[in-house]
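The values are calculated or read from the model by the stated rules, or taken from the named source; none is laboratory data. Model, not experiment: these values are computed from the prediction. Here the Cβ positions follow ideal geometry from the backbone for every residue, glycine too, while neighbour counts run over all protein chains shown.
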């Protein structure tokens, strides 16, 4: 396959790695709507590592994480690096309100295999 077709099909050097994420959050009397945790997760864990999160929130979180580059004004681009994957996983593991955590491996963000 030539370079143009690899780019068009997101193959080879144009493959974009991402990962699936699933966890639960313990309720807190001071944070009944989970907005405090939402802001903390997005600002301190996701955006701090130049990542983007798409999925559900509340008590049960289930979503997909890919690379978000601030230099491209919020566009999703490139692959998630193993360092970014490990940093987000470590942040979630260390957080006292997070339990029942599953951080999937890096997979092809265009073609899967996706979690069910």
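Summary of values
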read-out: Members of the range 8-23 found to be at pLDDT below 75 and within 23 Å of the chain's Cα centre (by Cα), listed by number; value: 9, 10, 11, 12, 13, 14, 15
read-out: Those residues of the range 7-27 which are free of Cβ contacts under 8 Å to residues at least 12 places away in the same chain and outside any loop (DSSP other than H, G, I, E, B), in sequence order; value: 7, 8, 12, 13, 14
read-out: Residue selected from the range 88-109 under the condition part of a strand (DSSP E or B), within 14 Å of the chain's Cα centre (by Cα) and buried (at least 17 other Cβ atoms within 10 Å of the Cβ), by the criterion modelled with the highest pLDDT; value: 103
read-out: Hits in the range 40-56 (condition: under 15 Å from residue 98 (Cβ atoms) and at pLDDT 90 or above); value: 40, 41, 42, 44, 45, 46, 53, 55
read-out: Given (1) at pLDDT 85 or above; (2) assigned to a strand (DSSP E or B); (3) under 26 Å from residue 8 (Cβ atoms), index of the condition residue 79 fails; value: (2)
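Here's the yes/no breakdown for (1) in a strand (DSSP E or B); (2) surrounded by 12 or more Cβ atoms within 10 Å (Cβ to Cβ); (3) free of Cβ contacts under 8 Å to residues at least 40 places away in the same chain:
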position	(1), (2), (3)
29	no, no, yes
33	no, no, yes
45	no, yes, no
48	no, yes, yes
55	yes, yes, yes
63	yes, yes, no
